[in-house]
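Beneath this line is the structure, given in structure tokens, with notes to follow.
Since every read-out is calculated from the coordinates, none of them should be taken as a lab result. Quick caveat, the model's predicted, so the values are computed rather than measured. With ideal geometry, Cβ positions are generated from the backbone for all residues, glycine too; neighbour counts draw on all protein chains shown.
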Protein chains: 2
Amino acid sequence: MIPFVKKSIPRNTVYRLSLYHHCLEGPDGGSISSEALAGLARVKPTQLRKDLAWCGSLGKRGTGYDISTLRRRLAETLGTSALQPVVLVGTGRMGSALLRFRENFSRRGFDIAAAFDTRPDRRSRIASVPLFPMSSLARFVNERSVRLAILCVPGVAAQDVCNALVACGIQAILNFAPIVLQTPEQIAVNNVNVAIELENLSYFLK
Amino acid sequence: MIPFVKKSIPRNTVYRLSLYHHCLEGPDGGSISSEALAGLARVKPTQLRKDLAWCGSLGKRGTGYDISTLRRRLAETLGTSALQPVVLVGTGRMGSALLRFRENFSRRGFDIAAAFDTRPDRRSRIASVPLFPMSSLARFVNERSVRLAILCVPGVAAQDVCNALVACGIQAILNFAPIVLQTPEQIAVNNVNVAIELENLSYFLK
DNA sequence: CTGTGTGAAGGCTTTCACAGCC
DNA sequence: GGCTGTGAAAGCCTTCACACAG
């Protein structure tokens, strides 16, 4: 007997599914054709249809996709139907800036439950997110079963903090520190590195 | 006669070349093997060697790659040997935070030459970068031949500002606004979208 | 004997073409 | 008639295997 393997969605496709989800924030009610949605997301219509096939056959021929159904199904597929708690570590310029966008994230299914810093100075909250010292990170993560972390500490501290996050059970990290984190296989890491993005763009200058 | 076509470096490879360049900031002098550098960048050694082959044959068999030669060649290939002027538009939380990292960028070959905002209030500089009203954007870009822009305005304003940037000759945009920009083919756009990154990570949670 | 450079193979993604349903 | 779903083809990227330089 051939073992059943649930083939997982290709990485690029997962990325584009988030993108489609994002593009559906504007339009409300009714349907949208693959061509229209592909235009918003700047991809080819055939690619969009192939991608959406991973979420099941939910388009109507001759009509397109029902927007609210599609939105729901995308959230289910990506795992953002239920509100997901997130911790943010490092409340320097970048970390604080991100905390101000919290409603943006909560609309997308992410709740920044707490922020941590080595030096939580006077304030106990930033943009209404409670701020704690690093020493209480592990306990908070455990008690609230947090699986996602945003890392905004300076480069020199990043690997140590990353190790601490992994040790207390974090499964995925969005890394703003300008270093490549060394993590075990099973930890998912996405990097946001402005210098690399600029360098990458400069290759395409004429 | 077969026309000579300079095959361009694949997108993923360009991205990884930036990554390697970045990983070489620490070690100084001497050589490094493909295995060691691949470990720092978290890729496979064979992939690294294939990627570096786009920069020419610069490894020594039995030894590895000379670090300073490699760094120089990567910068040449990516087009960051000469200092590249960049404009930043939108000095809200995110824009201001980025301006504080300017030395980080200048070390990598990018000079944030000016920042622009609709409401440049009292200050004429942020983190020593001169701040101008939007009305002087076109002139500045033209006079200084700026080709790269960082876009940090709110989503509702982003497309308009993007159009203005394209109109005055900007060739590449690093977009922090949470929308998909509609631009002509030839403009390179990289997006930094925290909500999408989080959504993407949440797919990989167990 | 170590570690690079590279054709060839394999695997994955995108695009095409068109059948099928509304 | 319009638009989706999907096998097949094409294209691209990664990995392998190994020749060969230092």
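Between identical copies, the spacing of residue A:13 label points, each set 7 Å from Cα toward the C-beta atom, reads 2.7 nm from nearest to farthest.
In this structure, the amide hydrogen of residue B:126, modeled 1.01 Å from its nitrogen in the peptide plane, lies closer than 5 angstrom to those of B:131, counting only residues at least 5 positions away or on a different chain.
The string of couplings for region A:64-73 from the Karplus curve (6.51, -1.76, 1.60, θ = phi - 60°) is x, 10, 6, 4, 6, 4, 4, 4, 4, 5 Hz, one whole number per residue in order, with x for Gly and Pro.
With label points set 7 Å from Cα along Cα→Cβ, the inter-copy distances at residue B:132 are 4.8 nm, sorted shortest first.
Determine the equivalent ellipsoid of region B:36-89 by diagonalising the alpha-carbon gyration tensor, then write out the semi-axes as square roots of 5 times the eigenvalues, largest first, rounded to whole Å.
The equivalent ellipsoid of region B:36-89 has semi-axes of 25, 14, 10 Å.
For residue B:116, the amide hydrogen comes within under 5 Å of the amide hydrogens of B:88, B:89, B:90, B:132, counting only partners 5 or more places away or on other chains and with H modelled in the peptide plane. Applying the criteria of a DSSP loop state and at most 11 other Cβ atoms within 10 Å to the GluC sites (Glu not before Pro) of region B:144-206 yields B:185. The 3J(HN,Hα) values that the Karplus relation (6.51, -1.76, 1.60; θ = phi - 60°) gives for region A:157-167 are, in residue order, 8, 4, 5, 4, 5, 4, 4, 4, 4, 4, 4 Hz. Gly and Pro appear as x. The slack in the chain from residue A:124 to residue A:12, taken as 0.36 nm per residue of separation less the alpha-carbon distance, amounts to 36.4 nm. Over the protein assembly as shown, with a single point scatterer placed on each C-alpha, what log10 of the ratio I(q)/I(0) does the Debye formula yield at q = 0.07, 0.08, 0.11, 0.14 1/Å? Each listed q maps to, in turn, -0.36, -0.48, -0.94, -1.48. Each residue of region A:181-196 was assigned a 3J(HN,Hα) from its phi angle through the Karplus curve 6.51 cos²θ - 1.76 cosθ + 1.60 (θ = phi - 60°); the sequence is 6, 9, 9, x, 2, 6, 8, 8, 10, 10, 10, 10, 9, 4, 4, 5 Hz, with glycine and proline shown as x.
Taking a straight line from the alpha carbon of residue A:206, these lysines sit under 17 Å away, with near neighbours fewer than eight places off in the same chain left out: B:6, B:7. The two copies A and B are related by a rotation, and the chain A beta carbon nearest its axis, with distance in whole angstrom, is A:97, 2.
Region B:143-179 and region A:150-204 have Cα centres separated by 26 Å.
Position residue A:46: other-copy label points at 3.0 nm, ordered by increasing distance, label point 7 Å along Cα→C-beta. The helix-only estimate of mean residue ellipticity at 222 nm for the protein assembly as shown, built from DSSP H runs of length n ≥ 4 each weighted as -39500 (n - 2.57), is -12000 deg cm²/dmol after division by the residue total. Rg/Rh for region B:154-206 (Cα atoms only, Rh after Kirkwood) is 1.09.
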